[in-house]
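The values are calculated or read from the model by the stated rules, or taken from the named source; none is laboratory data. As the structure is a prediction and not an experimental result, all values here were calculated from the model. No Cβ is skipped: glycine too gets one built from the backbone with ideal geometry, and neighbour counts run over all protein chains shown. Surface areas here come from the heavy atoms of the whole protein model, side chains and all, with no ligands, DNA or RNA. Shrake-Rupley method; radii C 1.70, N 1.55, O 1.52, S 1.80 Å.
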Amino acid sequence: MINSKEKLFSEFPPVSTKEWMERVAADLKGADFEKKLVWKTKEGFNLKPFYRQEDIADSASINSLPGQFPYLRGTKTDNDWYVRQDIEVVDVAEANKKALDILYKGINSIGFIIPRELVSIQTLELLLNGINLECVELNFKTCSRFSVQLMHHLLAYYQKTGVDVMKCYGSINTDAFGPLLRKGKDQKEWIKNMVEIVNTAKALPRFKAVAVNAFLFNNAGSFSTQELGYALAWGNELLANLIAQGVEPAIAAKKIKFNFGIGVNYFMEIAKFRAARMLWAQIVNAYKPKCVVPECENTTADGVCLCASKMNIFAQTSTFNQTVYDAHVNLLRSQTEAMSAGIAGVDSMLVSPFDSAFAQPNEFSERMARNQQLMLKEEAHFDKVVDASGGSYYIETLTESIAKEAWALFVKIDEKGFYAAVQEGTVQKEINATAASRSKDLANRKEILLGTNQFPNFYEKALPKMQDLSCGCGCKTQGDGSIETLNTRRLASDFEDLRLATEKSGAAPKAFMLTIGSLAMRLARSQFACNFFACGGCEVIDNLGFDTIEEGVEAARKAGAAIIVLCSSDDEYATLAPKAQQLMKGKETLVVAGAPSCMDELKTQGVNNFINVRSNVLDTLKKMNNE
């Protein structure tokens, strides 16, 4: 057996797709395959329950390798990435001290967020004191109007230190459209600033100078295809305008950095990053950028620079999915997000601390965020395999589906220009509509956030841990209101507002489970109802069961309940619900757990409140709280 040269599974005859489909059809017993097993994604395409080799026969990845154009499988031949942590600079000396400290704790990329009043050469000298510029990726962000000034100071500092600039990596987050998207502030001279900062940054070949902040879309609630499609349009707007202003196409492309968010849909995010590299490579290659390095071998026969087509990706975990309640679940969300970005081969990554939605991160939460990435590298070895998902029938198909939808969106926006679309509010309206749709789905439990709209922590109080997180950057001015801005609320915000209001009132309503009748049904429905009401901050009181309605109502009143939830079987509701309603005489609110066939008849008898899997949880809880 050990010496056998027979290939694994060769003894099993191949099974064709036709045979698989016949077997599936037989198991479905006449049910419609499309309706039962095909998943219709919100991104605009369908997913089948299984994929086979023939599904990727024409895939772009079949004949491509990591590090080779069009870079679908990665822009490099390894899967290492920079582990980044951001530092808000309030006290320059303290920020420097913190930077030196975290460099000994596994970080090799730092993002300095500098307020505009501190932008100076003196700040940089103190901030970067003791940091080896050739060993750490350094990223800087300040008020958009001061980015050019910061770039000049940074160049002067690097020249003064005499480092080898070919070994220095980093970026300045010069954002042309972010203020317009977030605050409605139109920077009319954006292209002039972009040209100046790119020309200045030529002296730092490894530095990126212009940002495509696609994470703004992700944090506003966009789908993966929207984030990618708008990111490509944003990047192309910058690229086309820089070239029109006389910047060499290769230089312009190499100075753009894409800052993406990472959504919670694991496989979708892997595919998104793979599709992003491929599509951006096609866009840049269309400009035929000529190589500016004579000895470079990564060129076509006619001198087109293929290195210019590489997309540099920084990825950060989403804030849209973070929650205030049950905040440690944020660790699980951000971990799967980091996993998908790591597998997809991003260049650098930031994991947001789990408590960043409600407090200034502390030493513990920052350490946890760092270690989430370090664990993927040091223990799970995600950095050892390039494009681990390559060849997967499902992910390859998913990549092509996302690429197709994102490209269609890119073409649509590019016809009028990304800048013009943002000025009109088209981009913002589309993403805000998506966010509203997702919020509605959350309210109806079609989308789940554990700890928020499903399985909440019954006894948690959030008010004691809430901190003021208002912006301290000094850029507080808004536009004139004529331009719609991106959604700034997290997905859980509506539920959290309701629950926080309950906390602030100091009198959480008690929801009492009047369990009676069928053992199986009353237990199942009391569990459902407890979770339902706890999502709004109600104090839930569960019970093993009562022999009579009178006994249950009396116990509820002794407990001081404002809401009595009748938990039984559909058949028993016809007699039990009217009896409970009569005994309560309107002193408490009666709620029936379920959707019995006798619902209409019960409503004629004054029983009007029902909760079930089709209920809008948020609206129901708001109504109950108001009552």
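Among the residues making up the range 475-484, those that are open to solvent by 40 Å² or more (accessible area, probe 1.4 Å) and either within 30 Å of ALA574 (Cβ to Cβ) or not small (Gly, Ala, Ser) (or both) are LYS476, THR477, GLN478, ASP480, GLU484. Residues being over 13 Å from ALA176 (Cβ atoms), open to solvent by 10 Å² or more (accessible area, probe 1.4 Å) and of a type in the set (A, V, I, L, M, F, W, C): count how many of those fall in the range 227-247. Within the range 227-247, residues that are over 13 Å from ALA176 (Cβ atoms), open to solvent by 10 Å² or more (accessible area, probe 1.4 Å) and of a type in the set (A, V, I, L, M, F, W, C) number 2.
Restricting the range 50-77 to residues that are open to solvent by 80 Å² or more (accessible area, probe 1.4 Å) and not in a helix (DSSP H, G or I), which is nearest to LEU37 (Cα to Cα)? Selected residue: ASP58.
Report yes if some residue within the range 144-158 is of a type in the set (Phe, Trp, Tyr) and within 28 Å of the chain's Cα centre (by Cα); otherwise report no. No, because not a single residue in the range 144-158 is of a type in the set (Phe, Trp, Tyr) and within 28 Å of the chain's Cα centre (by Cα). For beta carbons closer than 7 Å, sequence separation of 6+ or different chains, a first residue in the range 359-370 that is open to solvent by less than 60 Å² (accessible area, probe 1.4 Å) and at pLDDT 95 or above and a second that is basic (Lys, Arg) and not in a helix (DSSP H, G or I), the qualifying pairs are ARG370/LYS105. Checking GLY417, GLY390 one by one, the residue that is modelled with pLDDT under 95, open to solvent by less than 40 Å² (accessible area, probe 1.4 Å) and either of a type in the set (Lys, Arg) or more than 19 Å from the chain's Cα centre (by Cα) (or both) is GLY390 and no other. Report whether or not LYS272 is surrounded by 24 or more Cβ atoms within 10 Å (Cβ to Cβ), within 26 Å of LEU65 (Cα to Cα) and over 21 Å from the mean Cα position of the chain (by Cα). No. Condition first: surrounded by 17 or more Cβ atoms within 10 Å (Cβ to Cβ), without any contact (Cβ under 8 Å) to a residue 12 or more places away in the chain and not in a helix (DSSP H, G or I). Can you find one or more residues in the range 29-38 that meet it? No, the range 29-38 has no match at all.
If you go through the range 372-387 and keep only what is surrounded by fewer than 21 Cβ atoms within 10 Å (Cβ to Cβ) and in contact with a helix residue (DSSP H, G or I) (Cβ under 6 Å, 6 or more places away or on another chain), you end up with LYS377, ASP383. Can you spot a residue in the range 305-314 that is out of contact with any Ser or Thr (no Cβ under 9 Å at 6 or more places or on another chain) and either open to solvent by 20 Å² or more (accessible area, probe 1.4 Å) or in a loop (DSSP other than H, G, I, E, B) (or both)? No, the range 305-314 contains no residue that is out of contact with any Ser or Thr (no Cβ under 9 Å at 6 or more places or on another chain) and either open to solvent by 20 Å² or more (accessible area, probe 1.4 Å) or in a loop (DSSP other than H, G, I, E, B) (or both). Inside the range 169-209, residues that are assigned to a loop (DSSP other than H, G, I, E, B) and open to solvent by 40 Å² or more (accessible area, probe 1.4 Å) make up a count of 9.
Looking at the range 90-118 only, could you name the residues that are without any contact (Cβ under 8 Å) to a residue 24 or more places away in the chain and either of a type in the set (Lys, Arg) or in a strand (DSSP E or B) (or both)? Within the range 90-118, LYS97, LYS98 meet the criteria. Cβ-Cβ distances below 7 Å connect the following pairs, each with a first residue in the range 39-60 that is closer than 21 Å to THR225 by Cα and in contact (Cβ under 8 Å) with a residue 40 or more places away in the chain, a second residue that is in a loop (DSSP other than H, G, I, E, B) and not hydrophobic (A, V, I, L, M, F, W, C), and a separation of six or more residues or different chains: LEU47/THR41; ALA60/PRO70. With the requirement that a residue be buried (at least 18 other Cβ atoms within 10 Å of the Cβ), within 22 Å of the chain's Cα centre (by Cα) and in a loop (DSSP other than H, G, I, E, B), what does the range 485-529 give you? Across the range 485-529, the qualifying residues are THR485, LEU486, ASN487, ARG490, LEU491, ALA492. Is it true that ASP86 is among the acidic types (Asp, Glu), within 30 Å of ALA359 (Cα to Cα) and open to solvent by less than 60 Å² (accessible area, probe 1.4 Å)? Spelling it out, ASP86 is indeed among the acidic types (Asp, Glu), within 30 Å of ALA359 (Cα to Cα) and open to solvent by less than 60 Å² (accessible area, probe 1.4 Å). Quick test for you: out of LEU126, LEU150, LEU133, LEU154, pick the one residue that is open to solvent by 50 Å² or more (accessible area, probe 1.4 Å), at pLDDT 95 or above, under 24 Å from ASN108 (Cα atoms) and among the aliphatic types (A, V, I, L, M). None of the other options fit; the residue is LEU126.
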